[in-house]
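Take a look at the structure set out below.
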Amino acid sequence: MSSTDATVAISEEMAARDDMIVCQNVDKWYGDFQALKGVSATVKEKEVVVVLGPSGSGKSTWIRCINRLEVHQGGTIMVDGVELTNDLRNIEKIRSEVGMVFQQFNLFPHLTVLENITLAPIWVRKKPRPDAEALGMQLLERVGIPEQAEKFPGQLSGGQQQRVAIARSLAMEPRVMLFDEPTSALDPEMIKEVLDVMKDLALGGMTMIVVTHEMGFAREVADRIIFMESGEIVETGTPEHFFTAPEEDRTKLFLSQIL
Amino acid sequence: MTDITTSEPEVSDQPALPPEEPSLPIGEWTRKNLFSSPGNAILTVVFSVLVLAAFRVLVNFMFENPERDWVSIKFNMRLLFAHAYPVSQFSRVWASLGMVVGLGALSLALWPGGGVKSIKRISTSLMSAGGIIALGTLMVNGALSRDDAGEVLFTEDFEAIRDSWASSLGGRGSWFLLAALLFGAGLALWVKFGDQRRSVFVPTVRLLYVTVGLLIASLWVVKYGHYGVRGDGTFVIKPDSLVAFSTRMPLTVLFVLAGLIYLVGVRLRGVDAVKIAVTAGWALSPFIAFWVILRDPDIDYTHVFNTDLPMFVAFAVFGGALLYALSSPKIGELGRLIAMAMVGVAGFTFVSAFFGWISMLQKARLSFVALAVFALMANNFTRDLRTRRNFVIAWVVAIGVMHYFITIMNSASTLELRSDTIVGGFVFTIFAAVFGLMFSFPLGVLLALARTSTLPIFRLLATWFIEFVRGVPFITVLFFFDIMLPLFLPEGMEAPGMAATVLGLVLFSAAYLAENVRGGLQSVRRGQFEAADALGLTTPQRTMFIVLPQSLRVSIPPLVGQAIATYKETSLFAIIGVFDFLRIANSVIPNQSTPVNFVGHKLEGLLFISLVYWLGTFTMSKYSQSLEKKLGVGDR
């Protein structure tokens, strides 16, 4: 009991009221390999944070720790004032508040587009089916493909599938959205349609953490950019600062390679 | 996909059809497909000769062969299908069959599906059937000479005396007529539809109905012969007569009924309540059939109504209420105490039986044990009202199935004979296969889930069970359940031999099914688990809605393979003394000397049961193919 009291105390002390995600010294190992080395970062409500960095730098691992798809071994992660522990109830609560969009879409191939979207609202949020379906159609309108509702994911293009995946996450009415390289598996001509949806979402005031290689998107939409390398946060700043006057050598090297 | 710049392929648009390939004239087709190169030509000739030779051996094995006596099959048809089931009670078997046929017709109407066949395909099938029959008739040796009693005449060298081949042909006019009819029908279709024969389709279901209809109609016209033993022990042998009225009439009624039910079903299409009722009907049908066929005509209904039903209702209602209370989220430690108390009560009922303090039906004791087990699980179902309700429903279903089986098995007598002697022949094969599969499928899925579970106890138990059962020959399992299991049962409970051994079949088949399902589980990609987790689905929800549907879909081919194997494995019951289909053909008929002498006529029976087994497996495999197509296995 005492440890719980302690964490509550810390959370009240540390977290300002509009802090959505607070990470403190998060460590993560895969076997002997340390993927995250004391990552500390705070994401405020309605903030759009883009995470950049070379592959293998721990970007994806970090955001996957935030909804506990990966279990961190050191430090604390707090989402909307709830600490991530092994307590199953906390995990389920956080997962229903944090939406995630994957690189490979991960739509459920045996369900129609609309069923993909309504499954979790019906079973997790206990929404009546008609309400969930109305919400699903509304979200499909929002991502621009209401006419595909009765099709199966395999019948859609990559861009359409990713938009369905975004709608599926939004159907849970999450407070935070995590994007794990959402456009990396797409053909070039489909990237824009997905980025447009994400931009729209950011303008609507959604709290977002986006792992991506789309520099244009980062420059235009991000409130803040976090640059990671070898499991550490190297540099944090606004897009102007990051793209025009980076301080760290490693950041400069990365930018010179990519731009 | 001609326009590669299109970013969103329009799937809904009707794609332009490819130009129709003109069908080649027969001569050209033959040259292109059979004689395209010298090697190909040699293969064609060699294999044609081999196939024809094998076919000739087969028809001469079956017909006009002094060693064959097909009367052994015709005469024993009832023995083969129903063994010693009393003739006076046959209406029950027909009623059960009627239930299944009705459900089948209704399902086909409610869930339209199944394939279609083009006119071209139908027409070529008819023509080749006609051709094969004509060819076979031509290949049969000359007719055997028989004396007035029908016995084959032999020369002094024990060679059968035959008419010449040419003069026998005249006596086979009916076969040639059949061949001509089939060929003619095929040709008529071919000509009538002309170029449309490839674009006009007939549903397979309708085709099947017409075929079966023609076969049943032939019972009223063609003199297949009337053979068999009557209820009073007298027997009938009338080779030049129609099939027994008591056979052709029920078959005709069933056939007409199936058609009518189908028509009604078509009108009910889209009514969800009917679909649910039919699904429930399928789930219950084996139990109803079991009840209808096996129940004692003098069953003590007062006992059923005064004891069995009230006991079930009491356990369902009071047990359900108790479990509902125990699954309340507020009950806390008290719930655990009550659950422990229930374990105590269950234990006490057995102790009291030992000392003879309280007399109680064994069924009540076992129900208390079941209640204690459910009470212990109750705190896992506190999530919300729906979960609690489902938990209570699960209890009522479980206690219902349990009481049903104990009541059935312990009724004083079943038709005044023990059930394991009364159920035999093909009826037994169906019973064992249906009950075996019905229980081994859920058990197999549970075992597979347990084996892949993260909970070590489940994983360990499931792994050991599967590895042990798969390491033991099936016949050993059968002997074990036949001989050992009755020894382990508590006093006052008896398991008819058949039930115990079918339990063995269930466990054996479940172990194999579990491995097939596990293969399917492993094929579900990690991303699917992650997506389900990221949406906040619980582990049971993830399993039910995401993982199992996908894994079962990819494991359809091996699962059907295992179902077919289980169906055929029922023939091993012959070894432990059940009078099943195989045993009757293999040992019973070849030893019959009265009222007709069939001694040594084993091959006829084996050939016949092979055909019946094959019809069953062929149906299953066709069904699995259409299921695969419907669910799109292979193209995700």
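Structure values in brief
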read-out: Helix B:385-410 axis, angle to chain B major axis (alpha carbon atoms, nearest 10°); value: 60
read-out: In region A:117-164, GluC sites (Glu not before Pro) in a DSSP loop with at most 12 other beta-carbon atoms within 10 Å; value: A:Glu150
read-out: 1.4 Å probe, heavy atoms, protein only - residues of region B:500-543 losing at least 30 Å² accessible area vs chain alone; value: B:Gln528, B:Glu530, B:Ala531, B:Asp533, B:Ala534, B:Leu535, B:Gly536, B:Leu537, B:Gln541
read-out: Among A:Phe102, A:Thr244, A:Asn116 - extreme Cα towards positive end, dipole of chain A, charges at beta-carbon; value: A:Asn116
read-out: Solvent exposure of the protein assembly as shown as accessible area per residue, Å², 1.4 Å probe; value: 53
read-out: Mean separation of Cα contacts under 8 Å (6+ apart) over length of chain B, as relative contact order %; value: 14
read-out: Ordering of A:109-120, B:50-61, A:159-170, B:557-568 by packing [mean C-beta count within 10 Å, highest first]; value: A:159-170, A:109-120, B:557-568, B:50-61
read-out: Partners for B:Lys275 among lysines (Cα-Cα distance below 19 Å; same-chain residues under 8 apart left out); value: B:Lys630
read-out: Within the accessible area of region A:104-259 (1.4 Å probe), percent carbon and sulfur; value: 49
read-out: Alpha-carbon centroids, region B:242-272 and region A:124-175: separation in whole Å; value: 45
read-out: In the A-B interface, the accessible area buried, summed over both sides, Å² (probe 1.4 Å); value: 2600
read-out: Solvent-accessible area lost in complex, 20 Å² minimum, residues of region A:95-135 relative to chain alone, 1.4 Å; value: A:Arg95, A:Phe102, A:Asn106, A:Phe108, A:Pro109, A:His110, A:Leu119, A:Ala120, A:Trp123, A:Val124, A:Lys126
read-out: Heavy atoms of A:Lys126: accessible area, 1.4 Å probe, square angstrom to 10; value: 80
read-out: Computed accessible area, B:Tyr404, all protein chains, 1.4 angstrom probe, square angstrom; value: 50
read-out: Distance cut-off 46 Å, percentage of C-alpha pairs in the protein assembly as shown lying past it; value: 47
read-out: Förster-model FRET efficiency, 60 Å R0, B:Leu43 and B:Arg146, C-beta, rounded to 0.05; value: 0.90
read-out: In nm, spacing of pseudo-spin labels at B:Ser626 and B:Asp163 (7 Å Cα→C-beta vector); value: 4.4
read-out: At most 16 other Cβ within 10 Å, DSSP loop - GluC sites (Glu not before Pro), region B:563-636; value: none
read-out: Share, in percent, of DSSP beta bridges within chain B that are antiparallel, nearest 5; value: 90
read-out: In degrees, nearest ten, helix B:425-451 long axis to first principal axis of chain B (Cα); value: 50
read-out: Solvent-accessible area, 1.4 Å probe, carbon plus sulfur percent, for region B:78-199; value: 65
read-out: Out-of-range pairs (alpha-carbon distance over 27 Å; input A:Lys44/A:Lys199; A:Lys59/A:Lys126; A:Lys93/A:Lys127; B:Lys568/B:Lys629; B:Lys32/B:Lys120); value: A:Lys59/A:Lys126
read-out: Per DSSP, loop trypsin sites (Lys or Arg not before Pro) in region B:370-410 with at most 16 further Cβ within 10 Å; value: B:Arg383
read-out: Nearby lysines by direct alpha-carbon distance to B:Lys238 (threshold 16 angstrom, same-chain neighbours under 8 apart not counted); value: B:Lys74, B:Lys223
read-out: Residue order for B:Glu467, B:Glu64 - accessible surface, 1.4 angstrom probe, largest first; value: B:Glu467, B:Glu64
read-out: B:Trp190 - accessible surface, heavy atoms, 1.4 Å probe, Å² rounded to 10; value: 70
read-out: Sequence of B:Thr570, B:Thr211 when ordered by accessible area, the most exposed leading, probe 1.4 angstrom; value: B:Thr211, B:Thr570
read-out: Gyration tensor over alpha-carbon atoms, chain B, equivalent ellipsoid semi-axes in Å; value: 51, 37, 23
read-out: Heavy-atom accessible area order for B:Ser241, A:Ser40, largest first, 1.4 Å probe; value: A:Ser40, B:Ser241
read-out: Separation of the B:Ser218 and B:Lys275 label points, Cα + 7 Å toward Cβ, nm; value: 3.8
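The values are calculated or read from the model by the stated rules, or taken from the named source; none is laboratory data. Computed from a predicted structure; not experimentally measured. Here the Cβ is made from the backbone with ideal geometry for all residues, glycine too, and neighbour counts use every protein chain on show. These accessible areas exclude ligands, DNA and RNA; they are computed on the full protein's heavy atoms, side chains included. Shrake-Rupley method; radii C 1.70, N 1.55, O 1.52, S 1.80 Å.
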